[in-house]
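Undergrad: Quick one: structure below, then a few questions.
Taken together, the values in this text are just the output of simple stated rules run on the coordinates, not laboratory data. Nothing here was measured: the structure is a model prediction, and the numbers come from that model. With ideal geometry, Cβ positions are generated from the backbone for all residues, glycine too; neighbour counts draw on all protein chains shown.
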Amino acid sequence: MSLIYEEIELEDMDYDPKEQIYTYPCPCGDNFYILLEDMVDNDEDIATCPSCTLRIRIIYDDGDLPELTEESSDSDEDSDDDNIRRMK
């Protein structure tokens, strides 16, 4: 495992409520990513960059996190069906 590049406060990260994911710019040009689900269910505090080996530690209290919402698998299947139809 690589060392922690930096410690970042949760409020300094960008949050996508639809995807329920936090991001933060990585020096390599990509973004660090961490899922809200991992933070809530697994007490995860490390975000990784998919393009390099850098990792950051996120500083937060459990009360700082938004509520985790469950997405319906039916809506995901509908989206996949729509994407397949567009490709035809």
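Undergrad: Please list, ordered by chain and number, the residues whose modelled amide H lies under 5 Å from the amide H of Ile59; skip anything fewer than 5 residues away on the same chain.
TA: Correct list: Ile8, Glu9, Leu10.
Undergrad: Could you tell me which trypsin sites (Lys or Arg not before Pro) in segment 1-65 are loop residues by DSSP with no more than 10 other beta carbons within 10 angstrom of their beta carbon?
TA: The qualifying sites are Lys18.
Undergrad: Give me the number: length gained by fully extending Tyr15 to Glu67, i.e. 0.36 nm times residue separation minus the C-alpha to C-alpha distance, one decimal in nm.
TA: Stretched out fully, the Tyr15 to Glu67 stretch lengthens by 17.5 nm.
Undergrad: Taking amide H positions as placed 1.01 Å from N in the peptide plane, with prolines and chain starts having none, which residues 5 or more places from Glu44, or on another chain, fall under 5 Å of its amide H?
TA: Met39
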